[in-house]
Amino acid sequence: MRVSSTSEHKLKKHGEKLLTLICALWKPLAIGFVIAGIACAFGSFVSAQGEFKVGVIKMQALQRDFGEYREAMERLEEERRSYERQLAQLRSYPLLTATEIEELLKLSLKERPSESEQRRLLELRGLHAQRTDEFQRLSAAPFENLTPAQQQRLKELRTIAQENASRHSKLAEELQRKLNSLSEQMRNHIDRRIRETVAQVAHEEGFDMVFDREAVLFVRGKVVDITAQVLKRLNEGK
């Protein structure tokens, strides 16, 4: 008997998309910054000075080479894998109770379990196999032909399976919320770091505006790529 994996499938699909979420959200942010900047910059700088100093950054290069960004993505992927392992245990052992599932998960995640822990892990797996055989045997017979004790046992096993399915669904939703929250925290932190560093470099170098290189089609005058400067400062943690 298997617990429905619909919720887990949705979480897995969502988790895979999370790895590109930060990149996907940065670009609209940068384009929005460009549009907002153009509105005021062209009115002030062009009319007052005739030309202005423009810098550009390559966001994809920053994401690829910014160490903290890579670490954030690795952490997010590690969390997603951890969540999927928990869901897989619920799906694979539908006839273990919540306490037994939790114990099995802890033991199975240990890198070097002791002999007693290994024995307990085998006991839990054997217990599930035993209950599965019992459930299949009792379910195959007409319910009215079972003894009162067998009928009660079948009800107990069905209750365990139903509770497990409910926990699976709730856990999938909870883990998805955690992934969303973690992704948002990482995105906000990385966005803030990049914005602050770009602003520092632009101020020190006397730039009037800084764009995402992919968002710039034409600028009258000199355009300077400051990606390397920004990336160096980001990785130095300054």
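Annotations
- Top-ranked residue of segment 94-126 - restricted to ones that are assigned to a helix (DSSP H, G or I) and acidic (Asp, Glu), ranked as farthest from ARG158 (Cα to Cα): GLU115
- Selected residue (criterion: surrounded by the fewest Cβ atoms within 10 Å (Cβ to Cβ)) from residues of segment 217-226 that are touching an Asp or Glu at 6+ places or on another chain (Cβ under 9 Å) and under 22 Å from GLN200 (Cβ atoms): LYS222
- Remark: pairs (first residue in segment 157-181, at pLDDT 90 or above; second residue not in a helix (DSSP H, G or I) and not hydrophobic (A, V, I, L, M, F, W, C); Cβ separation under 7 Å; 6+ apart in sequence or on different chains) = ILE160/THR97; ALA161/PRO94.
- Among residues of segment 165-198, those that are under 21 Å from TYR93 (Cα atoms) and hydroxyl-bearing (Ser, Thr, Tyr), counted: 2
- Residue within segment 125-140 that is surrounded by 12 or more Cβ atoms within 10 Å (Cβ to Cβ), within 30 Å of the chain's Cα centre (by Cα) and under 21 Å from ARG91 (Cα atoms) present: yes
- Selection status of ASP225, within 21 Å of GLY67 (Cα to Cα) and in contact with a Leu (Cβ under 9 Å, 6 or more places away or on another chain): no
- Qualifying residue in segment 49-68 (condition: modelled with pLDDT under 85, assigned to a helix (DSSP H, G or I) and surrounded by fewer than 12 Cβ atoms within 10 Å (Cβ to Cβ)): yes
The values are calculated or read from the model by the stated rules, or taken from the named source; none is laboratory data. Predicted model, so just to flag it, every value in this text is computed and none were measured. In this analysis, Cβ positions are derived from the backbone assuming ideal geometry, glycine residues included, and neighbour counts consider all displayed protein chains.
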